[in-house]
Amino acid sequence: MVALQGTMPVNIGIDEKSRSEIAEGLSRVLADTYTLYLKTHNFHWNVTGPMFQTLHLLFETQYTELALAVDVIAERIRALGFPAPGTYSDFARLSSIEETSGIPNAEDMIRLLVEGQEAVVRTARSIFPTVDQVHDEPTADLLTQRMQVHEKNAWMLRSLLE
């Protein structure tokens, strides 16, 4: 990643190469989070069946939380001195979550969202070696919080399938 030019240098005790690696990882987390937000919102709009009310409300709770999370992640990238990705093409390139075409049935929606929640956890976890090595506690805290949210959401969704 290329640091922002024309601004004061970032001097937070983490070298530019490490900040760049962390910002690249956070950009993937941001892309996964935004992609999952879009998928969850789509399923909220289009879910049908006997669990409609339950799923409609659950999906709304989850996409609302995801919408707030993208801002926090993007702001951390900026604090590290790098631009945050913000286009669909950026997110499509960076995300590990596949787009879902068509309208799956409610049970498939749940399965796809479990997979998406777990994908965000894996992406977040992959950044920890660099974050730990350079003692980037603010990013570690952000990642830990995100992983807790996504692991809980995956559990709650998975429980609907049992």
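Assess whether VAL134 counts as being over 18 Å from SER20 (Cβ atoms) and either of a type in the set (A, V, I, L, M) or at pLDDT 95 or above (or both).
no
Tell me yes or no: at least one residue of the range 30-42 is closer than 24 Å to ASP136 by Cα and among the aromatic types (Phe, Trp, Tyr). Spell out how you get there, then give the answer.
Going through the range 30-42, the residues closer than 24 Å to ASP136 by Cα turn out to be 30-34.
Those left that are additionally among the aromatic types (Phe, Trp, Tyr): 34.
Yes, the range 30-42 contains a residue that is closer than 24 Å to ASP136 by Cα and among the aromatic types (Phe, Trp, Tyr).
How about the range 46-60: which of its residues are of a type outside the set (S, T, N, Q) and either touching a strand residue (DSSP E or B) at 6+ places or on another chain (Cβ under 7 Å) or surrounded by 12 or more Cβ atoms within 10 Å (Cβ to Cβ) (or both)? I'd like the intermediate steps shown before the answer.
First, the residues of the range 46-60 that are of a type outside the set (S, T, N, Q): 47, 49-52, 55-60.
Passing the criteria: VAL47, MET51, LEU55, HIS56, LEU58, PHE59, GLU60.
Would you check which residues across the range 128-158 are of a type in the set (A, V, I, L, M, F, W, C) and either in a helix (DSSP H, G or I) or loosely packed, with under 13 Cβ neighbours inside 10 Å (or both) and list them?
Answer for the range 128-158, where residues must be of a type in the set (A, V, I, L, M, F, W, C) and either in a helix (DSSP H, G or I) or loosely packed, with under 13 Cβ neighbours inside 10 Å (or both): PHE128, VAL131, ALA140, LEU142, LEU143, MET147, VAL149, ALA154, TRP155, MET156, LEU157.
Keeping to the range 19-45, report how many residues are surrounded by fewer than 21 Cβ atoms within 10 Å (Cβ to Cβ) and either at pLDDT below 95 or acidic (Asp, Glu) (or both).
Number satisfying all stated conditions: 2.
Given (1) within 23 Å of LEU157 (Cα to Cα); (2) loosely packed, with under 13 Cβ neighbours inside 10 Å, where does MET8 come up short, assuming only one miss?
In the conditions (1) within 23 Å of LEU157 (Cα to Cα); (2) loosely packed, with under 13 Cβ neighbours inside 10 Å, MET8 misses (1) alone.
Could you figure out which of (1) hydroxyl-bearing (Ser, Thr, Tyr); (2) within 18 Å of ALA154 (Cα to Cα); (3) in contact with a helix residue (DSSP H, G or I) (Cβ under 8 Å, 6 or more places away or on another chain); (4) without any contact (Cβ under 8 Å) to a residue 60 or more places away in the chain isn't true of THR48?
Checking THR48 against (1) hydroxyl-bearing (Ser, Thr, Tyr); (2) within 18 Å of ALA154 (Cα to Cα); (3) in contact with a helix residue (DSSP H, G or I) (Cβ under 8 Å, 6 or more places away or on another chain); (4) without any contact (Cβ under 8 Å) to a residue 60 or more places away in the chain, the one that fails is (2).
Report, by residue number, each residue of the range 37-55 that is under 21 Å from the mean Cα position of the chain (by Cα) and of a type in the set (A, V, I, L, M, F, W, C). It would help to see each step written out before you state the result.
Keep residues of the range 37-55 that are under 21 Å from the mean Cα position of the chain (by Cα), which gives 37-45, 55.
LEU38, PHE43, TRP45, LEU55, listed by residue number.
Considering only the range 75-128, state which residues are touching a residue at least 40 places away in the same chain (Cβ under 8 Å), of a type in the set (Ser, Thr, Tyr) and over 21 Å from VAL47 (Cβ atoms).
SER95, SER96, THR123, SER126
The values are calculated or read from the model by the stated rules, or taken from the named source; none is laboratory data. Everything numeric here is computed off the predicted structure, so don't read it as measured data. No Cβ is skipped: glycine too gets one built from the backbone with ideal geometry, and neighbour counts run over all protein chains shown.
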